[in-house]
Amino acid sequence: MKRAVLAIGCLAAIWTLALAGARALWHVPFASIVPTSVAITDANGRLLRLTLSSDDKYRLWTPLAEMPPELVEAVVLKEDRWFRWHPGVNPLAIARGAWRTYAQGDRQGGSTLTMQLARIQGHRSTRTIAGKARQAMRALALEVLYSKDEILEAYLNLVPYGQNVEGVGAASLIYFSKSARSLTTPEVLTLAVIPQSPARRAFARADLDSLVRSRSVLFGEWTARHPEARRYAGLVAAPLRLRTPRELPFAAPHLTTQLLGDRPADPTRTIASTVELRLQRTLERQVRQYVRRESPVGIANAAAILVDTRDMAVKALVGSADFFDDAIDGQVNAIRAPRSPGSTLKPFVYALALDQGLIHPDTILRDAPTSFGPFSPENFDGAFVGPIAAKDALIRSRNVPAVALAANLSSPSLYEFLKGAGVGRMKSERHYGLALALGGGDVTMEELARLYATLANRGVERPLRYRLDDPKAEGTRLLSEEAAFVTLDMLRDNPRPDSSTAERPSLRRIAWKTGTSWAFRDAWTAGIAGPYVLVVWIGNFDGAGNPAFVGVRAAAPLFFQVADALDAEGRLDRDVSVSPPMGLARVEVCTASGDLPNAWCPKREKSWFIPGKSPIRVSTLHRAVEIDPRTGRIACTRAELKRAKLEVFEYWPSDIQRLFRQAGLPRRPPPVADCADGAADTEGGGPRIQSPVTGAAYVMRLSESRPPEITLAASVDGGAHELYWFAGENYLGSSAAASPLPWHPGSAGRYLIRAIDDHGRSDSREVRVDAER
């Protein structure tokens with residue numbers, strides 16, 4: 001007896017070792033060798049798209065742990081209730097099936113779940129005795145190589161459910177529009193009985209009654225085990241309606257295509273995106289309606305992206321007006337296409353200028369004809385407005401002030417800032433020059449959305465998130481909290497293009513900026529509405545221009561149409577009174593000059609001020625002068641001073657005075673200060689040389705008899721009337737304050753050009769003259 005027990009023990013040990021060795025050598029997980037579909041869902045688990053596998057099946061591999069236990073139990077109850085105990089083949093079931101089939105003429109199978117898996121996997125015919133024997137041998141081999149749970153998982157993922165649908169994962173999504181783990185008891189029982197005859201039952205409506213009867217039979221066995229399930233009796237007996245693969249959604253096509261292209265080498269079978277289907281449909285609807293309405297002016301295509309700045313999740317994405325329209329190349333995704341952004345980069349010029357102490361919101365900038373070397377920017381309207389507050393220059397998208405600020409940025413420059421923000425495909429900084437501030441480079445809608453989210457996130461740049469499992473990055477600080485806040489505050493004063501005076505605070509506090517690329521190829525609007533960044537693009541994928549493609553006229557209406565739709569859904573209803581950073585202060589400035597008001601400034605206002613950064617000086621624009629009423633000139637003598645009256649004059653620089661005159665708005669000129677002792681000289685700034693430009697090099701061709709002509713010009717304070725020009729110590733001549741002086745250098749070399757006004761104030765600039773044959 002002991003020997004028999006010992007022998008049995010040895011055989012069991014040998015079998016165990018053999019089994020472990022076989023599994024170590026030949027075990028290959030089913031999931032790694034079976035082609036699978038990919039399901040893409042929205043942030044709430046709603047299906048956006050289900051792809052075909054590489055063998056043209058709808059087959060979504062679902063781990064056994066993610067299937068409801070009721071489904072597993074129902075399948076085993078229906079197909080193979082002895083599954084956990086047999087070795088892959090159940091001789092009693094085979095004998096019973098053979099007796100009923102051949103002796104009684106009632107065809108009945110005797111295959112176990114493992115044998116069915118062997119048939120499915122090997123595509124073997126089992127209608128003959130030899131085929132049945134091969135199926136049984138393969139089933140025994142599967143039991144050696146795989147555990148019962150692995151076999152059950154493989155069966156549930158490979159069992160046919162009609163047409164090209166296989167497995168419970170795909171079947172539950174297609175037939176019931178939900179994941180397997182969300183199935184109800186009647187739905188579980190339905191999936192348990194379909195594999196008996198999937199080709200006949202899954203889609204033929206005439207046979208759905210037969211499916212309901214089979215489900216009812218199984219329900220009787222089920223309630224014997226689970227009496228509490230009797231409450232589903234009415235649903236189990238009710239008529240059944242199954243959806244078909246033709247009814248599968250194909251939502252957010254650009255996004256889902258992008259996600260499929262971005263998958264890693266070992267992709268997951270289900271991608272949970274950050275998109276919300278309701279927001280996606282809202283964005284698609286607004287784009288579609290807008291393009292249809294504006295088609296008479298040649299607008300045929302548009303794109304938009306909506307990002308939640310709180311976690312950088314992309315909530316909706318429309319890559320073109322119509323994914324299926326070949327006429328506009330609708331399957332191209334504009335979100336990742338590099339395009340010229342026009343003036344949408346200007347807010348970052350101003351943000352950097354705030355951070356580097358060049359401006360505060362009410363600093364007065366010059367919008368006047370200016371040359372920056374060979375680059376002479378003009379405004380979109382072809383006009384110049386003269387002095388303009390920084391916030392107004394940004395809102396009105398004036399080009400010259402933006403370029404002037406960009407020229408003075410350093411560490412970082414605008415180029416360095418964009419590189420640090422992850423803007424790709426950029427050439428060298430020298431390639432763009434100052435034109436970068438006006439959209440001279442290319443950015444994508446993704447990159448632009450990230451940049452504007454940096455403003456909303458108080459200067460911290462974070463990557464976009466397209467999937468729920470994408471990490472929420474800490475981000476990189478690119479701007480100070482104060483500069484980001486003030487820039488957004490300036491943009492929030494930008495009035496809507498439709499002149500709407502919406503009462504809702506959520507709509508009044510939208511911060512936005514438009515852009516128009518060269519030759520009217522692209523129209524943009526980007527901004528922040530509530531917790532979202534919204535970027536809108538209008539254009540053509542072939543780069544064809546259209547005079548209608550102007551940011552404020554073409555893209556801004558769509559931007560606000562989307563914003564209004566979001567507000568109607570309650571998406572913008574949150575506290576819009578954002579508190580300023582602790583390091584920010586409010587300071588009173590003189591409205592006309594943007595500087596701290598002196599005693600003579602007539603109009604003042606509050607402006608944001610970054611202590612330790614923002615420029616601070618007392619205004620000298622308004623100056624009080626003693627005027628002799630008899631002559632109208634500055635009082636100099638004692639007698640004149642006795643009868644003099646104090647008057648306040650505005651001392652505008654000469655180039656600004658000229659702009660006022662050209663606009664038909666001349667300012668009263670300040671009086672001439674001609675007192676012999678200079679006692680009446682007033683305060684003010686010195687001249688600023690405008691030509692030649694800093695670092696400029698001029699060419700003297702030795703083959704030509706006449707040397708090159710270089711224009712000497714400067715902007716002077718309103719109290720100055722004469723300029724004296726020098727090259728080194730050599731006097732070149734004088735000119736009226738607003739007039740240029742031509743100069744012909746006699747030889748090549750480096751010259752230090754100096755301009756001295758009639759108050760003794762000066763400015764200098766170095767210029768190089770090269771000789772060429």
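The values are calculated or read from the model by the stated rules, or taken from the named source; none is laboratory data. A quick note: this is a predicted structure, and the numbers were derived from the prediction, not measured. As a convention, Cβ positions derive from the backbone with ideal geometry for all residues, glycine included, and neighbour counts pool all protein chains shown. Accessible surface is based on the protein model in full, side chains and every heavy atom, while ligands, DNA and RNA are left aside. Shrake-Rupley method; radii C 1.70, N 1.55, O 1.52, S 1.80 Å.
Worth a mention:
- The Cα atoms of the stretch 546-668 cover 76, 45, 24 Å along the three principal axes, with the biggest extent listed first.
- Across the protein chains, with a 1.4 Å probe defining accessible surface, the residues L455, L741 rank L741, L455 from largest area downward.
- The relative contact order of the chain comes to 9 percent, based on Cα pairs under 8 Å that sit 6 or more residues apart.
- 3J(HN,Hα) couplings calculated from phi for the stretch 73-86 with the Karplus curve 6.51 cos²θ - 1.76 cosθ + 1.60 (θ = phi - 60°) are, in sequence order, 5, 5, 5, 5, 4, 7, 9, 6, 6, 9, 4, 6, 10, 8 Hz; Gly and Pro show x.
- Looking at the stretch 692-742, the GluC sites (Glu not before Pro) that sit in a DSSP loop and have at most 12 other Cβ atoms within 10 Å of their own Cβ are E704, E709, E729.
- Read-out Cα extents along the principal axes in Å, derived from the coordinates shown; its label in (i) 140, 63, 59; (ii) 86, 73, 52; (iii) 186, 60, 54: (i)
- Shown in residue order for the stretch 735-749 are the 3J(HN,Hα) couplings computed by the Karplus curve 6.51 cos²θ - 1.76 cosθ + 1.60 at θ = phi - 60°: 8, 4, 3, 9, 10, x, 10, x, 9, 10, x, x, 7, 6, x Hz (x for Gly and Pro).
- Taking amide H as placed 1.01 Å from N in the peptide plane, the amide H of L732 sits under 5 Å from that of W725, F726, A727, each at least 5 places away or on another chain.
- Among the chymotrypsin sites (Phe, Trp or Tyr not before Pro) found in the stretch 365-433, not one is both in a DSSP coil and sparsely packed, with 10 or fewer other Cβ atoms within 10 Å of its Cβ.
- Applied to the stretch 32-37, the Karplus parametrisation 6.51 cos²θ - 1.76 cosθ + 1.60 on θ = phi - 60° returns per-residue 3J(HN,Hα) values of 7, 10, 9, x, 10, 7 Hz, with x for Gly and Pro.
- Bridging of K78 to lysines at a Cα separation below 22 Å is possible for K132, K148, once same-chain residues fewer than 8 apart are set aside.
- The Cβ shell under 12 Å around V769 holds other residues with a net charge of -1, Lys and Arg each +1, Asp and Glu each -1.
- Dipole magnitude for the chain: computed about the Cα centre from +1 point charges on Lys and Arg Cβ and -1 point charges on Asp and Glu Cβ, it is near 3360 debye.
- Check: the stretch 439-549 dipole with +1 on Lys, Arg Cβ and -1 on Asp, Glu Cβ, in debye: 300 debye
- Extension gain, I33 to R288, is 87.6 nm, computed as 0.36 nm per intervening residue step minus the present C-alpha separation.
- For the stretch 352-410, the dipole from Cβ point charges (+1 on Lys and Arg, -1 on Asp and Glu) about the Cα centre works out to 20 debye, to the nearest 20.
- Judged by the mean number of other Cβ atoms found within 10 Å, the most tightly packed of the peptides 345-351, 467-473 leads the ranking 345-351, 467-473.
- Database remark: amide H of D522 closer than 5 angstrom to the amide H of S517 (H placed geometrically; neighbours at sequence offset of 5 or more, or on other chains; Pro and chain starts carry no H).
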